[in-house]
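The values are calculated or read from the model by the stated rules, or taken from the named source; none is laboratory data. Bear in mind that the values here come from a model prediction, so they are computed numbers and not experimental data. As a convention, Cβ positions derive from the backbone with ideal geometry for all residues, glycine included, and neighbour counts pool all protein chains shown. To get the accessible areas, we keep the full protein, side chains included, count just its heavy atoms, and leave off ligands, DNA and RNA. Shrake-Rupley method; radii C 1.70, N 1.55, O 1.52, S 1.80 Å.
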Amino acid sequence: MSDVQRLVILPNEQIGRIHPHLHGHFAEHLGELVYNGVWVDPDGPIPNRGGLRLDVLDALRPLEIPALRWPGGCFADDYHWRDGVGRRADRPLRLNRHWGMAPEPNHFGTHEFVSFCRALGAEPYFAANLGSGTPTEMSQWVEYCNHEGDSTLSRERRANGEQDPFRIRYWGIGNENWGCGGHLSPEHYAEEYCRFRTFLSEYPKSPVEGIACGPNNADWDWTRRFFTQLKRGWSDRTRLVQGFAAHYYCGTSGAATEYDTNQWYELLSRGRAVDGVIAGHRALMDEFDPERRVKLILDEWGTWHPVEPGKPRSGLYQQNTIRDACVAAISLDVFHDYADALWMANIAQLVNVLQALLLVQGDRCIKTPTYHVFDLYRPHQGATAVRLLSAADTVSDGGGSAGWCRTRYLPARPFALRAVDGSASVVGGRLCVTMVNTNPVESVEAELHLHGASFGEAEWVYLAGADYRDHNTFEQPDRVRLSAPKMLRGEGDRMRIQLPPASVSRVRTLMS
Ligand code: AHR
């Protein structure tokens, strides 16, 4: 067992409100996410409500998903919304050209997606097609969704069963336009963004926000050149941008379920390096937008392992272990730490694709360890993030993660994977601390020190497996699950907890 790890919590040092959207999600028409994952034949054998799988709805509802991005991803720049409205039997059969030319029956379109969001209580976030679409196509989609009064498009929406506008607020304009969304230069994209954004109309009681495609990873060049281009010309066009969306996939080390302890550390370190991506892009944006009117978003994030053997390569199906859960927890902890700088973050993706929360097969549905992290971290949503300092000792540089850790644009504050990483938030005198024991094989004793306050009785819940490669399968769906709550007592401003190896913990207490 390693030394005691001290975590100092400063409840009076407030960072900002943890916008619930920092716990957001992403659902793309890719592999078996939408078809079979979320949507099934309404008249088929799998229990559903109007085509939406009941087991998936039941599993996701308790997470209080704040926002859901759709329909892509790369798919967004090849999607034509008209294909997905009207009588299902009449909708065209297309090919999903980014994802293995899979048949796209368009049975899940605007109305179906909005029903899914409503069933979950999630805010819909649409990604519009810039790469192969037109401003007219996008503006007509907005009118179809948001116009309350009379027009041919709002009549069509009503004829399709929706009397009142959907009032979609968040509109991404293109996706990865430096790559699958058109291979554009940042200057070209900036011009296209402005052209499209001009026609993203606001209707009464339906405010809209335009979200621009941001960089991949630590591509400072994209961010700098995009904003420089917006400043060119006779007016400052940054006012046309409400959100700027970066992507950060920390990749893999080994494979989804096959890795050793070095690879464990490497992947966790890469996950931790999201810190530099956020700090770097925000610092760059601050040069152009010092009042932070443009919200920084992490539109896609998560692990990306080789596809599960036996599954189609284009479906991006992967298993998900306690290692993925620790990456998710570390990432959410970093997001909380940047509550004043980051506004939304959407893990990729919801079901059956990449770092999924749920895996479904036939009529079965299981929760992954990553699902349980979102469940455990829920109380942070909407609370005020407060500073948590952990001993700055580095347990590992991840055997090659140094390159990833160079993601920081301004080397203001070094960061590295810590023995115990975490975050803290407060709401109504109630403290929530979440922690990851990053050691895959040894437990660690953490000492929480609450600066200027005392611990009341605390509730501790944790997520751990018997082994650092543990995961859930259709045969053993609950191998990795949350512990039963345990009650702990502190001594004044101190509390000690024995954190199991490779685990994620949550401690909640009333402060006095
Ligand atoms: O999430 C899978 C893909 O990753 C998305 O379609 C794309 O935006 C990113 O490259």
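Some observations on this one:
- Charged-residue dipole, Cβ positions (Lys, Arg, Asp, Glu), the range 12-380 about Cα centre, Debye nearest 20: 480
- The angle separating the long axis of helix 220-231 from the principal Cα axis of greatest extent in the chain is about 50 degrees.
- Carbon-plus-sulfur accessible fraction, the chain (probe radius 1.4 Å, protein heavy atoms only): 49%.
- Other residues whose C-beta falls under 10 angstrom from the C-beta of residue 38 contribute a net charge of -1, scoring Lys and Arg +1 and Asp and Glu -1.
- Charge-dipole axis of the range 116-222 as Lys and Arg at +1 and Asp and Glu at -1 on Cβ define it, positive-most pick from 172, 159, 200: 159
- All other residues whose Cβ lies under 10 angstrom from that of residue 80 are scored, Lys and Arg at +1 and Asp and Glu at -1, for a net of -1.
- Counting only protein chain heavy atoms and rolling a 1.4 Å probe, the accessible areas of 442, 266, 287 rank, largest first, as 287, 442, 266.
- Solvent-accessible area of residue 65 with every protein chain in place, 1.4 Å probe, in Å² to the nearest 10: 0
- If you wrap the Cα atoms of the range 84-202 in a convex hull and average its projected area over all directions, you get 8.1 nm².
- The Stokes-Einstein estimate for the range 12-380, based on a Kirkwood radius over Cα pairs and taken at 4 °C with 1.567 mPa s viscosity, is a diffusion coefficient of 62 µm²/s.
- Taking 441, 461 and ordering them by how much accessible surface each has at a 1.4 Å probe, largest first, produces 441, 461.
- Tilt relative to the chain, helix 186-198 - C-alpha long axis, 0 to 90 degrees, to 10: 60
- Positive-end residue of 490, 471, 366, charge dipole of the chain with Cβ unit charges: 490
- Angle of helix 110-120 to the longest C-alpha principal axis of the chain, folded into 0 to 90 degrees and rounded to 10: 30°.
- Sum of side-chain charges, residue 171 neighbourhood, beta-carbon under 15 Å (Lys, Arg +1; Asp, Glu -1): -2
- For the pair the range 263-278 and the range 343-381, the centres of their Cα atoms are 19 angstrom apart.
- Shown here for the range 267-324: trypsin sites (Lys or Arg not before Pro) in loop regions (DSSP other than H, G, I, E, B) with at most 13 other Cβ atoms within 10 Å, namely 292, 293.
- Among 234, 346, 74 - extreme Cα towards positive end, dipole of the chain, charges at beta-carbon: 234
- When each of the peptides 348-359, 240-251 is scored by how many other beta carbons lie within 10 Å of its residues on average, the order from highest to lowest is 348-359, 240-251.
- Looking at the chain, the accessible area is 37 square angstrom per residue; that uses a 1.4 Å probe and ignores ligands, DNA and RNA.
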